[in-house]
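Written below as structure tokens is the structure these notes are about.
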Amino acid sequence: MAAGEGATMSSSATTLEAADIAAILKALPHRYPFLMIDRIIEMRGDEAAVGIKNVTVNEPQFLGHFPGNPVFPGVLLIAGMAQTGRRNLRALADGRRSSKARLFSDDRQAKFRKPVVPATRSKYHVKKIARKKNMWWFRGEAKVAGQTVAEAEVGAMVA
């Protein structure tokens, strides 16, 4: 998909397959430096998604984390998982922002396996594991070059 094309839908018009940065910016309230996904490359309805974050050395967190040995903060990997798993991703396909806030509510069982450094691409693999009323929980894995670098369960709620 070329830049600016937005989101693409499957032939059934119920499954979002991909979304570029323009579509993500229309659907999510996050902006630089807190937008932790650059593209959605895969999605199966509200059940699962794969998002990408291109980690670059010029990002502000590397000024202090850590000078001379830059490491992408683990909490930002979890934020990327939460943004990828954000409920109501249908809005990406519709090209609109939802009027209801989706708020990150918790993370559980976070594990950091390997440092993420600049000039890498993190892929966030996220699957829905539960829903109860206005709460959703997702299981996420951050991968670099096919290796799991972090994992967590994240929760989101509609406010």
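Read the figures in this text as sums done on the coordinates, not as results from a lab. All of these numbers come straight from a predicted model, not from anything done at the bench. Counting neighbours? That spans all protein chains shown, and the Cβs are built from the backbone with ideal geometry, glycine included.
Using a 10 Å cut-off on Cβ atoms, rank the peptides 17-30, 128-141, 69-82 from the highest mean neighbour count down.
Numbers: 17-30: 18.6, 128-141: 16.2, 69-82: 20.7.
Descending mean neighbour count gives 69-82, 17-30, 128-141.
Phe34 versus Ala22, label points 7 Å from Cα toward the beta carbon: distance in nm?
2.6 nm
Can you tell me which aspartates and glutamates have their Cα less than 15 Å from the Cα of Lys111? Leave out same-chain residues fewer than eight positions away.
Counting by Cα, and skipping residues close in sequence, Lys111 has these aspartates and glutamates nearby: Glu141, Glu151, Glu153.
For Gln147 and Gln61 in the same chain, what is the full-extension length gain: residue separation times 0.36 nm, less their Cα-Cα distance, in nm? Mind dumping the intermediate values first?
Numbers: separation 86, 0.36 × 86 = 30.96 nm, distance 2.28 nm.
Result for the pair: 28.7 nm of gain on full extension.
Could you calculate the contour length gain from Glu47 to Lys133, that is, 0.36 nm times the residue separation minus the distance between their Cα atoms, to one decimal place in nm? Let's see the in-between values first.
On the way: separation 86, 0.36 × 86 = 30.96 nm, distance 1.61 nm.
Working it through step by step, the gained length comes to 29.3 nm.
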